Amino acid sequence: MGGINLGRALIGGVVAGVILNVGEFILNGFVLANDMKEFFKRCGFPPEPPSSFMVIAIVITLILGIVIVIGYAAIRHRFGPGPKTAIIAALFAWFGVYVYQNVIAVGLGIISTRLFMIALAWGLVEYIIATIAGAAIYKEA
């Protein structure tokens, strides 16, 4: 039982992060575009997020992809390598990112139940696809 192959975890994580970024771009820029514009207006945000926000969002999502693949690498000795373990790692991340924040947002009335359900379903599929792709690249040293 060796250590985590950080090189492969980084490569797989970047792949996962790119997939997550594409998924978030499609979700927020197309699927929920009107909802996002209304949300920004209601909160008093500018209609288009500043470019600095976009850079932050893209970078932190790439880092999230890396963290998810490192999580996969950390649990694969217990659950075995492959898609099943990638899905378990994806579920941990999905719960920590999507479920947690969106339950709080619904509870505070920040988002509607409809947006909550769309985001949860979208995020679940997005995280599973991204994690399976990143995990497929990861190999032990």
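Residues Leu108, Leu115: which one is aliphatic (A, V, I, L, M), exposed (fewer than 15 other Cβ atoms within 10 Å of the Cβ) and over 11 Å from the mean Cα position of the chain (by Cα)?
So the residue among Leu108, Leu115 that is aliphatic (A, V, I, L, M), exposed (fewer than 15 other Cβ atoms within 10 Å of the Cβ) and over 11 Å from the mean Cα position of the chain (by Cα) is Leu108.
Of the residues that sit in region 8-57 and are among the small types (Gly, Ala, Ser) and touching a residue at least 12 places away in the same chain (Cβ under 8 Å), which one is farthest from Tyr138 (Cα to Cα)? Step through it out loud before you land on a result.
At the first step, the residues of region 8-57 found to be among the small types (Gly, Ala, Ser) are 9, 12-13, 16-17, 23, 29, 33, 44, 51-52, 57.
Checking which are touching a residue at least 12 places away in the same chain (Cβ under 8 Å) leaves us with 9, 12-13, 16-17, 23, 57.
Details: Ala9: 6, Gly12: 6, Gly13: 9, Ala16: 11, Gly17: 14, Gly23: 21, Ala57: 24 Å.
Only one residue tops the list, namely Ala57.
Of all residues in region 26-58, how many are among the hydrophobic types (A, V, I, L, M, F, W, C) and in contact with a helix residue (DSSP H, G or I) (Cβ under 9 Å, 6 or more places away or on another chain)?
Within region 26-58, the first condition is being among the hydrophobic types (A, V, I, L, M, F, W, C), and the residues that meet it are 26-27, 30-33, 36, 39-40, 43, 45, 53-58.
Imposing the further condition that a residue be in contact with a helix residue (DSSP H, G or I) (Cβ under 9 Å, 6 or more places away or on another chain) reduces the set to 26-27, 31-32, 36, 39, 45, 57-58.
Of the residues in region 26-58, 9 are among the hydrophobic types (A, V, I, L, M, F, W, C) and in contact with a helix residue (DSSP H, G or I) (Cβ under 9 Å, 6 or more places away or on another chain).
Which one of these does Leu91 not meet: (1) surrounded by fewer than 20 Cβ atoms within 10 Å (Cβ to Cβ); (2) touching a Phe, Trp or Tyr at 6+ places or on another chain (Cβ under 7 Å)?
(2)
Is it the case that some residue within region 120-138 is more than 19 Å from Ala9 (Cβ to Cβ), polar (S, T, N, Q) and in contact with a helix residue (DSSP H, G or I) (Cβ under 7 Å, 6 or more places away or on another chain)?
First, the residues of region 120-138 that are more than 19 Å from Ala9 (Cβ to Cβ): 120-126.
Right, trim to polar (S, T, N, Q) and you get none.
No, region 120-138 contains no residue that is more than 19 Å from Ala9 (Cβ to Cβ), polar (S, T, N, Q) and in contact with a helix residue (DSSP H, G or I) (Cβ under 7 Å, 6 or more places away or on another chain).
Can you name every residue in region 1-25 that is more than 13 Å from Thr61 (Cβ to Cβ) and surrounded by 11 or more Cβ atoms within 10 Å (Cβ to Cβ)?
Once the filter is applied, which keeps residues that are more than 13 Å from Thr61 (Cβ to Cβ) and surrounded by 11 or more Cβ atoms within 10 Å (Cβ to Cβ), region 1-25 yields Ile4, Asn5, Leu6, Gly7, Arg8, Ala9, Leu10, Ile11, Gly12.
Any read-out appearing in this document is the output of simple, stated calculations on the displayed coordinates, not a laboratory observation. Here the structure is a predicted model, which is why all the values come from computation and not from measurement. Glycine gets a Cβ as well: all are built from the backbone with ideal geometry, and neighbour counts include every protein chain shown.
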